[in-house]
Structures are given as structure tokens and as C-alpha cells.
1. What pairs come up if the first residue lies in segment 185-198 and is at positive phi, the second is modelled with pLDDT under 95 and open to solvent by less than 80 Å² (accessible area, probe 1.4 Å), and their beta carbons are under 9 Å apart, counting only those six or more places apart or on different chains?
2. Please go through segment 1-20 and pick out each residue that is surrounded by fewer than 22 Cβ atoms within 10 Å (Cβ to Cβ) and at pLDDT 95 or above.
3. What are the pairs, 6+ residues apart or on separate chains, where a residue within segment 164-179 that is closer than 11 Å to Leu120 by Cβ has its Cβ under 9 Å from a residue that is more than 9 Å from the ligand (Cβ to nearest atom) and open to solvent by 30 Å² or more (accessible area, probe 1.4 Å)?
4. Quick one: in segment 157-176, of everything that is farther than 16 Å from Asp54 by Cβ and open to solvent by 50 Å² or more (accessible area, probe 1.4 Å), which residue is nearest to the ligand (Cβ to nearest atom)?
5. Restricting the search to segment 80-122, which residues are crowded, with 20+ Cβ neighbours inside 10 Å and over 18 Å from the mean Cα position of the chain (by Cα)?
6. Which one is surrounded by the most Cβ atoms within 10 Å (Cβ to Cβ), of the residues in segment 47-68 that are free of Cβ contacts under 8 Å to residues at least 24 places away in the same chain and within 11 Å of the ligand (Cβ to nearest atom)?
7. Can you go through Leu212, Leu186, Leu216 and tell me which one is within 16 Å of the ligand (Cβ to nearest atom) and either surrounded by 13 or more Cβ atoms within 10 Å (Cβ to Cβ) or at pLDDT below 95 (or both)?
8. Of the numbered conditions (1) surrounded by 16 or more Cβ atoms within 10 Å (Cβ to Cβ); (2) within 15 Å of the ligand (Cβ to nearest atom), Thr77 satisfies every one except a single condition; which is it?
Amino acid sequence: MRIVLLGAPGSGKGTQSQRLVERLGIPQVSSGDLLRAAVAAGTELGRRAKEAMDGGRLVDDSLVLQMIRERLGEGDTRRGFILDGFPRTLAQAEALERLLRDLTQPLDAVVQLEVDAAELVRRISGRRCCADCGRVFNLFTSPRTAIESELCPKTGAPHHLTQRPDDNEATVAERLRVYEEKTRPLIDFYRARGLLRVIDAMGDVEEVSRRLSQALGAPALRAARAAKSATRRAPHRTGARRKAAQPKSARRRAKSATGRAARRGKARAGLRVNTRGKSPRTTRAGQGRPKGKPR
Ligand code: ADP
């Protein structure tokens, strides 16, 4: 699956992305994490990004785009990815659309996480991050036991909690203002493309996680999980070699079962299923897609 998580700073994109990574085995591509890593490594990109980040402003589209283009060119994104924090402007969204069209890897879903402003500020002010393993905690919402007694997998000592330099009051206000001005318009951009799903992201992490799964569609998630465990079972085999290792009858059975499951899932999700042709084509009920146009 290729997914974009949209939402204001503090809406939980990072937390929910990490849960999807564990469940689906596809990487999280977080523009904020990539930029922070560049700053920490002292690269040219990091040097140029730092001032904007510290002030709560956006880093130049051209810098971010170059960084994302390189990241999506890496092999682990071929089976899918979760974009977190990117795109953040209309120019970035349009550039992403062009890039994914060139890679013939269109997006499957864009999920907007909705949280009210007071809760955003509360979450951001309570956010702490382990300087060694990167795990994110929240002083107000994470269980005390997790914060106090869990050991860092990197150091074996208790987590070394730090606060992000841009999580201070003045910078947070600017980040929320920039979000409203530059990023909120992406909701209409993706709604017009039939990709948008909006979820209520108030409530605890588990609850939001369940809503996110529902929004992504249970059949699609099952297929992504099946792909993950197939890769785990045969990590050294790919494509033709994996196919050749299976008896022909098993391949036929698997193929028709996948077709049946996909048709059942799509019918449940309100998608029209064409069962006449060999490979089922689907469109959203009542929304024909011009031939050759990406979804
Ligand atoms: P948050 O979503 O909590 O604001 P992130 O970790 O996603 O935090 O981003 C931190 C900072 O990195 C942003 O405030 C911004 O300066 C910069 N940044 C991240 N992603 C982008 C992007 N797609 N375009 C421009 N700047 C970005």
C-alpha cells in the first residue's frame, strides 16, 4: 500500500505510521525525521533546513523534494510506503503526483487525522523522544510504566528523554499557522482525486489505530499483511524464483483465491467489480475513471 498521512503537527501521524510499519512491513518515510537526521549529520541539506525548522517554518520545496525523491528511489519502498509529513504544500503534492506517475506507483489512500487545536498543543507540549532509539513518548498520555521502566533497545539503559527544539510554545503556534495556510488545502486536492479519508484522531492511540485501519479498508490491509508474511517466509526468493518453487496447482489455487477475496473485499467496500475480464478492473461506484488516467 502507498499511503499519505495528513494532519497538523501533533495529530499523531508519526505514532500511527510506526504502528502501520509494524503491521504492514512497509517503511515510514517521514520528512521531519529525514530532515532532523540531515541536521544531526551536519550535511549541506541539514545546514540549509535548520533555520526554517527552528523557526517553525517550512523548508524549501526544492530541498524537501530532492530528499523525498532519493528516499522513494530506495528498494524498500517498492512494496509500499507511508508518507508522514510530506507533502505539506500544493507544490509538493503536485510534484509527488508526477513522481509516482513516473514510477507507476500511484497512491492508494490519503488519510487526514483530525484533532482539535487545544489537544494539539497539549500533545506537542508533552511529547518527548528518546535521544538514543528515537521512540516517542507523551508525558500526558503514555503509560507511566513505559516511560519510567522500559529500557532503550539501543543502550539497554532507561530511555534518555529529550524535547524537540521546535516543540516550544512560540514555534508550535507558528507551525499550526503554517499548517492551516499551506497544508490544509491538500485536503481538497486529495478529495478531488477520490483518495481522501478523514478520521477523528482524538482519543487514545489504540482507538485511533482502529479507526485508521477501518479507513484504509480491512481487505486492503489483509492483502498488505499477507504480502508481508510471504516475504518473511521466503526472504531470499523474489518474483520468478518464488513462482517456480510453487507447484502449478498451488499457484492456480492461490491465484483464484486471491481473485475471489479481492472481489469480495471490493464489493464490500462499495467498489464495482468487473468479473467478465480476466483481471478484474474496478472503479468507485458512480465515478468512471477516464482510460489511462491515474487513480
Ligand atoms: P510536525 O508534523 O510535528 O510539525 P515534523 O517532524 O513533521 O513535525 O517536521 C518538523 C519540521 O521539519 C517542520 O516544522 C518543517 O520545518 C520541516 N518539514 C518537515 N516536513 C516538511 C515538508 N514536507 N516541507 C517543508 N518542511 C518540512
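The values are calculated or read from the model by the stated rules, or taken from the named source; none is laboratory data. Values in this document were obtained by computation on a predicted structure and should not be read as measured data. Note: ideal-geometry Cβ built from the backbone for every residue, glycine included; neighbour counts use all protein chains shown. Please note that ligands, DNA and RNA were not included when accessible areas were found on the heavy atoms of the full protein model with its side chains. Shrake-Rupley method; radii C 1.70, N 1.55, O 1.52, S 1.80 Å.
1. What qualifies is Gly194/Arg289.
2. If the condition is that a residue be surrounded by fewer than 22 Cβ atoms within 10 Å (Cβ to Cβ) and at pLDDT 95 or above, then Arg2 is the only one that fits.
3. Between residues of segment 164-179 that are closer than 11 Å to Leu120 by Cβ and residues that are more than 9 Å from the ligand (Cβ to nearest atom) and open to solvent by 30 Å² or more (accessible area, probe 1.4 Å), the close pairs are Val172/Val121; Val172/Ser125; Ala173/Val121; Leu176/Ala117; Leu176/Val121.
4. Within segment 157-176, the match that is nearest to the ligand (Cβ to nearest atom) is Leu161.
5. Leu120
6. Ala49
7. Exactly one residue qualifies, and that residue is Leu186.
8. The failed condition is (2).
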